[in-house]
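Have a look at the structure below before the remarks.
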Amino acid sequence: MATCAVNGGCPSDYAAVSISLLSIFLLIGKAVAPHLIHKIALPKGSSFWLVTIQIIASFNLIVSIVMSLGFLRFKRGHWWSSCYIWAVWVEGPLGFGLLLSSRIVQAFQLYYIFVRRRLPPIRSFIFLPLVLLPWIIGAAFLHTKKPLNNRCHMRTQWIIPVICLHALYVAAMVGFTAAIRHIEFRFHELKDLWRGILVSTCSIGIWVIAYILNETHEDIPLVQIVTRFLILVMTSVLVLVFFSISISQPLLSLMSLRKDEHQEYSMMMGRALGIPDSGLLVRTESLQSVDSNEPFDKLLSNRRFRQSFMEFADSCLAGESVHFYEEVQQLDRIPDSDHVRRIYMARHIIDRYIAPGATMEVNISHRCRQEILSTLDLAHANLFKNALIELIHLMKMNLANDYWSSTFYMKLKDEAAMKTVDHELETGGWNFSQRLSSVHCTDDPFHQEHSPRKLGSSTNRDTELQLREKFP
């Protein structure tokens, strides 16, 4: 026992390593399953790289503990096995520090978007290094002072500052989460954060106790083996349960939604938020033919025309403006009092169409774009009004003229004509109202029954003529 407590390779060590490997596989599976199984598109920007960073940080944290605490039998004579690489840099700034910093950035985003109702003033790729900076400074300081021995244990006076740094980041995440506790989220953002805090607090509590015992009782083999096992297992539990995708991709919470050729991603967002008639053509839609002389904004309000025009624009690889118009129409169906859903939809529209480098970035002026990105109220009713005005004018000038001579418009006219005929047959049908026939009764091949009143008056006139002939 004494030998494996120092050199590693105890049965409990291999069991802990197996648990950690399983947690890594489950972590990666949880991240990629929605995209592979349910065909949900990969998010862009911070929604993607924040999640990726959390996975990398979780992997670094687990591997650094395995390497620094000597779970496996290997000699530390090589440079790659240095305690300051694994126990200081990989476990600190690149492991626990990076993992907690990513979660703090997500909580910071939730606070600004749903409490302050505006986009965060600092971009995530700038804010994350600032949050991580204390860990980098602390690692550089430890590397300079070199307090670790050949078994990667440090002296008691260094343990308290290290534990305080861990606790400081947990407290920061608790503070941001407490600031958004009153928001009624549509999905599971707050629940995930609170669950992460609860699990991380319990795990870190056990982890801290085991870490302190492991550092201070280096001469007791049994304590080394047990505490080493607890440290790695608690870390595996921490990174697995602590990981969750929050505001970055709310559609991942709705596994019943699938992306196929008939269901656009934008319509999925509308359905996810429960917006009425999202992406559906209602049966009460106008059946009248489209008049090209009508104002273009009025034509776009007709959903049958808008669907046909969208298909034409997509065929020209210029459908971003029409899709943007469609999603803003969905946003307008959300009541002004429902701030949370309006913020969800507004942020989705900004990420998809407005933000620089967005997947379907629309062609609007810089002034209009900055007006949206710097808004003080993401739930404002006229947030995208100016952008819509510019895009409608752009569509009218560029796409509309070609549309009127396209096969898409011809197909729309034919469908409207056919539906108009079908509608008249359904509502009118055969007219069985009573009317006089131009054929007299005995010669009427259909033997129609004539109106009693008119038939009676005709019979009276015939009788009167017969009487006059007999009695002149």
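The values are calculated or read from the model by the stated rules, or taken from the named source; none is laboratory data. Being a predicted model, the structure only gives us computed values, none of them experimental. Positions of Cβ are generated from backbone atoms using ideal geometry, with glycine treated the same way; all protein chains shown enter the neighbour counts.
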task = Determine which single condition ILE113 fails, assuming it passes every other condition in (1) within 33 Å of the chain's Cα centre (by Cα); (2) closer than 21 Å to ILE56 by Cα; (3) of a type in the set (Val, Ile, Thr).
result = (2)
task = Run down VAL90, VAL115, VAL105 and say which single residue is assigned by TED's automatic domain parsing to the domain that holds MET154, under 18 Å from ALA179 (Cβ atoms) and free of Cβ contacts under 8 Å to residues at least 60 places away in the same chain.
result = VAL105
task = Answer yes or no: is there a residue in region 70-83 that is more than 24 Å from LEU22 (Cα to Cα), in a helix (DSSP H, G or I) and in contact (Cβ under 8 Å) with a residue 12 or more places away in the chain.
result = yes
inquiry  = If a residue counts only when it is among the polar types (S, T, N, Q), which helices (runs of 4 or more DSSP H) contained entirely in region 287-383 have at least 3 such residues?
reply    = 303-315, 320-332
note = Listed by first then second residue, the pairs whose first member lies in region 135-150 and is of a type outside the set (Gly, Ala, Ser), whose partner is surrounded by 11 or more Cβ atoms within 10 Å (Cβ to Cβ) and in a loop (DSSP other than H, G, I, E, B), with beta carbons under 7 Å and at least 6 positions apart or on separate chains, are PRO147/ARG155; ASN150/ARG76
Residue ID - farthest from LEU317 (Cα to Cα), chosen from residues in region 356-377 that are surrounded by 15 or more Cβ atoms within 10 Å (Cβ to Cβ) and touching a Leu at 6+ places or on another chain (Cβ under 7 Å) = THR375
request  = Identify the residue in region 327-369 that is of a type in the set (Asp, Glu) and within 16 Å of the chain's Cα centre (by Cα) and, among all such residues, is modelled with the lowest pLDDT.
outcome  = ASP351
ask   = Taking the condition more than 30 Å from ALA355 (Cβ to Cβ) and loosely packed, with under 15 Cβ neighbours inside 10 Å, does ARG123 pass?
value = no
query = Given the residues ALA318, ALA313, which is the only one that is over 20 Å from MET269 (Cα atoms), among the aliphatic types (A, V, I, L, M), in the same structural domain as MET269 (by TED's automatic domain parsing) and buried (at least 21 other Cβ atoms within 10 Å of the Cβ)?
reply = ALA313
query = Among the candidates PHE114, PHE108, PHE141, which residue alone is farther than 21 Å from GLN54 by Cα and at pLDDT below 90?
reply = PHE114
note = Of the conditions (1) under 25 Å from LEU317 (Cα atoms); (2) buried (at least 18 other Cβ atoms within 10 Å of the Cβ), the single one that LEU383 does not satisfy is (1)
